Amino acid sequence: KQEVANCMNAKGVAAYFKGDFGKALDYYLETLDYVEAYDIKKVMINTLNNLGVIYRITSKNQEAIDIYHKTLNLSRRTQNDKMVAVSFQNLGVAFNFEGIMDSAMFYLDKAVQQYALLGDTLEMGHTFTAIGETHYLSAQNYNQARENLLKGAEFLKYGSSQDELSKTYLLLARV
């Protein structure tokens with residue numbers, strides 16, 4: 001049943017990468033019904049997170065925030081520390097898009113702390129980039145934006161995420 005759930009979720013991921021967000025949403029909702037019926041927590045966490053991404057990129061930020069809170073709570077209950085960090089990061093980004101800087105910074109700082117505990121330097125780089133972007137877009141605090149973007153670039157330049165490193169440098173140039 002877990003493998004079936006993984007495949008169902010993967011259909012949503014495939015639709016997401018094709019840019020068909022409506023179809024991805026349908027697949028994720030179908031997957032949620034299935035994982036709830038069979039109480040498959042690990043896939044439920046991933047599917048909720050993916051659903052939140054769809055809501056965020058389709059400008060349904062409040063729905064995304066609600067879903068990310070569910071993901072965070074379930075991740076904590078199941079002691080899925082990686083998804084706790086991912087949930088913190090996603091909440092920070094969603095609050096940034098809502099223009100609620102204090103909440104964005106709170107969750108992004110929590111994500112950095114959690115990724116540090118996990119030793120995940122690549123995700124720390126992503127999160128520092130998100131913090132820099134928050135300072136740049138939401139607060140026009142260019143010194144803090146620059147400081148955090150430089151930290152993000154330092155972590156990212158040794159990783160495999162060249163797209164994220166390019167985004168970081170572009171934001172740094174704008175700052």
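For the stretch 11-88, the spread of Cα positions along the three principal axes, ordered from largest to smallest, is 32, 26, 18 Å. Looking at the stretch 1-152, the accessible area is 49 square angstrom per residue; that uses a 1.4 Å probe and ignores ligands, DNA and RNA. Each peptide in 21-28, 54-61 was scored by the mean count of other Cβ atoms within 10 Å over its residues; highest first, the order is 21-28, 54-61. Sparsely packed loop sites in the stretch 68-175 (the chymotrypsin sites (Phe, Trp or Tyr not before Pro) outside DSSP H, G, I, E and B with at most 11 other Cβ atoms within 10 Å) comprise TYR158. Remark: C-alpha extents of the chain on the principal axes read 49, 32, 30 Å, sorted largest to smallest. Of the accessible area of the chain, computed with a 1.4 Å probe over protein heavy atoms only, carbon and sulfur atoms account for 49 percent. Its Cα centre serving as origin, the chain has a Cβ charge dipole (Lys and Arg +1, Asp and Glu -1) of approximately 160 debye. Taking the C-alpha atoms only, the angle from helix 61-77 to the longest principal axis of the chain is near 70 degrees. Here is the tail figure for the stretch 105-146: Cα pairs spaced more than 15 Å apart come to 38 percent of all pairs. Here the calculated FRET efficiency for ALA10 and TYR142, from their Cβ-Cβ distance with R0 = 35 Å, stands at 0.30, rounded to the nearest 0.05. Rounded to the nearest 500, the 222 nm mean residue ellipticity of the chain from helices alone is -28500 deg cm²/dmol, with -39,500 (n - 2.57) taken per DSSP H run of at least 4 residues. Using only Cα atoms, find the angle between the long axis of helix 101-118 and the longest principal axis of the chain, and express it within 0 to 90 degrees, rounded to the nearest 10. The helix 101-118 is inclined about 80 degrees to the chain.
The values are calculated or read from the model by the stated rules, or taken from the named source; none is laboratory data. Model, not experiment: these values are computed from the prediction. Note: ideal-geometry Cβ built from the backbone for every residue, glycine included; neighbour counts use all protein chains shown. Keep in mind that these areas ignore ligands, DNA and RNA; they rest on the heavy atoms of the full protein, side chains included. Shrake-Rupley method; radii C 1.70, N 1.55, O 1.52, S 1.80 Å.
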